[in-house]
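Written below as structure tokens is the structure these notes are about.
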Amino acid sequence: MMNAQNISVDPSKTPTDLVQNILINSACIDIQSINASGDPRPGQTSYGSFNASGTNFPFPSGVVLTTSPSLKAQGPYDESTSIGVKVVTWNGDQDLNKAIGINNSTQATVLEFDFIASTNMISFNYIFASNEYQKFFPCNFSDSFAFLIKEAGSTEDYKNLAIVPNTTIAVSATTVHPKINPSVIDGNTHSGCEAANENYFNGYNTDSSPINYAGQTKVMTAQTEVIPERKYHLKLVIADDETRQYNSAVFLEAGSFISKINFGEDRTIANNNPVCFGENYVLDTKLNPALFTFSWFKKDNTNNYVQIPGESGATYTVTSSGSYRVEAYRSSLNCSANGEISVEFTPEITTTDTSLLQCDDNNDGISIFNLTKVSTIVNNNSQNTTQGYYETLADAQAKTNAILNPENYVNKTSNQIVFARIQNGSGCYDTAQVTLGITTTTIPDQNPIAKCDGDDVQDGLYQFDLSNDVTPQILTGLPANLVVNYFLSGNDALTMTNQLPNIFKNTVPNSQTIYARVQNGADCYDITPIELQINTFNPPNFGEESEFLCKGKEITLSVATGFNSYTWSTSASDTSNSIPVNTPGDYSVTVTDANGCQKTKKFKVILSEPATITEAIVKDFSATDNSISIQFTGVGDYEFSIGSDFQDSPIFQNVIPGIYYANAQDKNGCGISNTFKIYVLDYPRFFSPNGDGQNDLWIIKNIDQMPDYTISIFDRYGKLIKQMNQNSSGWNGIFNSQQLPSADYWFTLLFVDGKTVKGHFSLVR
């Protein structure tokens, strides 16, 4: 509030002046018994009139009631003196204490009077201001005020009009304030508090404010309904809290206390209380037509009120949406009062009466109906909702005794009528009739639906695609646009509960009966049982087989006879139980039994042939570690021999020296390979040239079958003793015609291809 001008306060006005000449501006209000009280000190009146001309204070003038001398209300705001006036002899007010639930008000200022209003509502505008709108005070402290009203002379409790709109909360610094953050003041920590009804707080004041208070509310209105021509007592009171510090004031706008005609809140869609389509809404002034004359107006397209011709009564019946105004004049008092209201009508709720046909499981005319099936028929506007089904129209209109389980309703009589209540978001409604009947259409008995068990486990359990496997048969010959759903039991089909999925695997092996419910819109056309049969087919010896085909030969693939049909993978013309095959590969035959079930047997034909031995890798001159590795070609599965038993491996270990003949034999029966001759050589580890005919020569047996070679023999000093080749017969232990002594001798065997073998042996005498 940035204005250098301040309000002026006149504390000399009498209570009668304040009420009759400043506050009230209506000849429709008769004022009586005016009184005021406040600061008991002489010359320190705590009430008065104020003038705010030239300031930015919301009220140009009015009445002010304070908890300090009223002159203290004049601006500007001075924080340094805001602790206020403390008068210990100035008492509080018990009616205020009781009305707002406190015990310790102090320094109360009261302005009270009786009044008789000619209309059914009074209202006036006010602002609450307080020096407690600073620091953390609104979290904990507030002065109190109230506008208390009751019928004059009654013993009833007062009603407080100074409340936060649409609540019963008294306006104060603790109930109307912004968020207050935590703070530390004089070494003390204060936690602060959240905002309370902040939208009614006008703001904190500054040293340029026109009033001397730290903060104030926005302009607020106190109002209440009254009974015309009845006397009421109004008590305007403000009081300090028990601290008697940080004073407060309430400012009442001059001329704002008026008598109005109250029609209640606007009847609009925005207020969620419009008038229902087709209803007549009566605006009642509640005034005596013998005392008043009336004029009624409605706003036109230019937003101006235009008088409604011929309407001059105390009531007016509204039949169309619009803003309405009444002006009432009482000539005996020269009193005028008015009232306004906006009225909107909801769109028409359209409903459709319908019937619901259900199937009957025992032809007694009684069945179980799902009433919700007709919701979209009786209610054709998605903005409206179906608010239950009722057995009588009266119950539907009163919205009582709704059918508790409309999804499973058992009708009482044949062709019974129930009622649906259709309601919009504003609570307006209409009803629709639903006639409950029993269907007379039937579906012929159904043949079983047979299917083969198509998985690997032939247990008589297999899945059905109900819409493709079953539905076409059921709908054959029936009207178009019917819908079929499936259930495990007839009762489930009747109540449409536990519907089966479209892909359904039977739970009873080989044969199971399910129930098809054929639906015509919301109506049941008929319910029929249908048997699902699952045929198993598990012929013996139908596992996958492998057959071997010898190269250049032919074999026959075959399965048992006695099946209805055979289909080979080779050609559609191969329809017998066997076929000749001369090419390796994958083959299959599918057989069909009398039920049309199929089973496929697979054959893998594997080519085989005799092996060809191409080489033998010999590891020799190794004593017991000699070995032979046979090298071969061929696509068969072979076993090998070097003259003894056959073995799977082509490698032979621990072979003693000698001549061997290797063969490979096909395990698949396609024959034996070529024979391959193999020499395994080794040198003797000793010899004894003593003429006894046993080991008289040191010679390597069968070495003459090897490529050209040279053997050099040395004594232990490295002296060459003997050289031999493929033409030598061996060494007899003689060197230079002398028999050499028993000792170890070394040799080097060098083949022409570069292979070298070295070793040593013993000469034994």
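If amide hydrogens are placed 1.01 Å from N in the peptide plane, which non-local residues have theirs closer than 5 Å to the one on Q416?
Amide H neighbours of Q416: L436.
Which whole-number percentage describes the relative contact order of the chain, with Cα contacts under 8 Å and a sequence gap of 6 or more?
It comes to 8 percent, rounded to a whole number.
Give the aspartates and glutamates whose C-alpha is closer than 13 Å to that of K231, dropping any in the same chain fewer than 8 places away, or say none.
D30, D114, E151
Which ³J(HN,Hα) values, rounded to whole Hz and listed in residue order, are derived for the stretch 463-477 from phi using the Karplus coefficients 6.51, -1.76 and 1.60 in 6.51 cos²θ - 1.76 cosθ + 1.60 with θ = phi - 60°, glycine and proline given as x?
8, 10, 8, 4, 5, 9, 8, 10, 3, x, 5, 4, 7, 4, x
What full-extension length gain, to one decimal in nm, is calculated for Q463 and T675 as 0.36 nm per residue of separation minus the Cα-Cα distance?
Numbers: separation 212, 0.36 × 212 = 76.32 nm, distance 6.14 nm.
Contour length minus Cα-Cα distance gives 70.2 nm.
Cα-based Rg of the chain per 2.2 N^0.38 Å, rounded to two decimals?
Numbers: Rg = 59.0 Å, N = 765, 2.2 N^0.38 = 27.4 Å.
Ratio of Rg to 2.2 N^0.38 Å for the chain: 2.15.
Go through 63-69, 184-190 and give me the packing order, highest mean Cβ count within 10 Å leading.
Working: 63-69: 28.3, 184-190: 8.6.
Peptide ranking by packing, descending: 63-69, 184-190.
For the stretch 223-237, just list the computed ³J(HN,Hα) in residue order, Karplus coefficients 6.51, -1.76 and 1.60, θ = phi - 60°, integers in Hz, with x standing in for Gly and Pro.
With coefficients 6.51, -1.76 and 1.60, one gets 8, 7, 7, 9, 9, x, 6, 10, 7, 10, 10, 10, 10, 9, 9 Hz.
From Cα pairs below 8 angstrom and at least 6 apart in sequence, can you work out the relative contact order of the stretch 281-343, rounded to a whole percent?
Values: 115 pairs, mean separation 22.1, N = 63.
Once divided by the residue count of the stretch 281-343, the mean separation gives 35 percent.
So between V184 and E407, what do we pick up on full extension, going 0.36 nm a residue minus the alpha carbon distance?
Numbers: separation 223, 0.36 × 223 = 80.28 nm, distance 6.50 nm.
Result: 73.8 nm gained on full extension.
Give, as ranges by residue number, the residues of the stretch 266-292 whose backbone N falls under 12 Å from the point 7 Å along Cα→Cβ of T315.
280-287
Quote to one decimal, in nm, the extra length available between Q726 and D704 on full extension: 0.36 nm per residue of separation minus the C-alpha distance between them.
Numbers: separation 22, 0.36 × 22 = 7.92 nm, distance 0.53 nm.
Result: 7.4 nm gained on full extension.
When the Cα atoms of the stretch 281-343 are enclosed in a convex hull and the volume is divided per residue, what value in Å³ results? Kindly include the intermediate steps, with their values, before the conclusion.
Working: hull volume 5.1 nm³, N = 63.
Looking at the stretch 281-343, the number lands at 81 Å³ per residue.
Convert 25 °C to kelvin, take the viscosity as 0.890 mPa s, use the Kirkwood radius over C-alpha pairs of the stretch 674-757 as Rh, and evaluate the Stokes-Einstein diffusion coefficient in µm²/s, rounded to a whole number.
Working: Rh = 14.0 Å.
After rounding, the answer is 175 µm²/s.
Please give, to one decimal in nm, the separation of the simple spin-label points placed at E615 and T352, each 7 Å out from Cα toward the Cβ.
Distance between label points: 9.3 nm.
Which whole-Hz couplings ³J(HN,Hα) result when phi for each residue of the stretch 195-209 is put into the Karplus expression 6.51 cos²θ - 1.76 cosθ + 1.60, θ = phi - 60°, listed in order with x for Gly and Pro?
Along the stretch 195-209, the couplings run 5, 9, 6, 4, 5, 9, 8, 7, x, 7, 9, 10, 6, 10, 6 Hz.
I want to check the label-to-label distance for V635 and N304. Put each point 7 Å from Cα in the C-beta direction and report it in nm to one decimal.
A separation of 10.9 nm, rounded to one decimal place.
Values quoted throughout were computed directly from the atomic coordinates according to the rules given, and no laboratory measurement underlies them. Just so we're clear, the structure is a prediction, and the values are computed from it rather than from any experiment. Cβ sites come from the backbone with ideal geometry, for glycine too, and all protein chains shown count toward neighbours.
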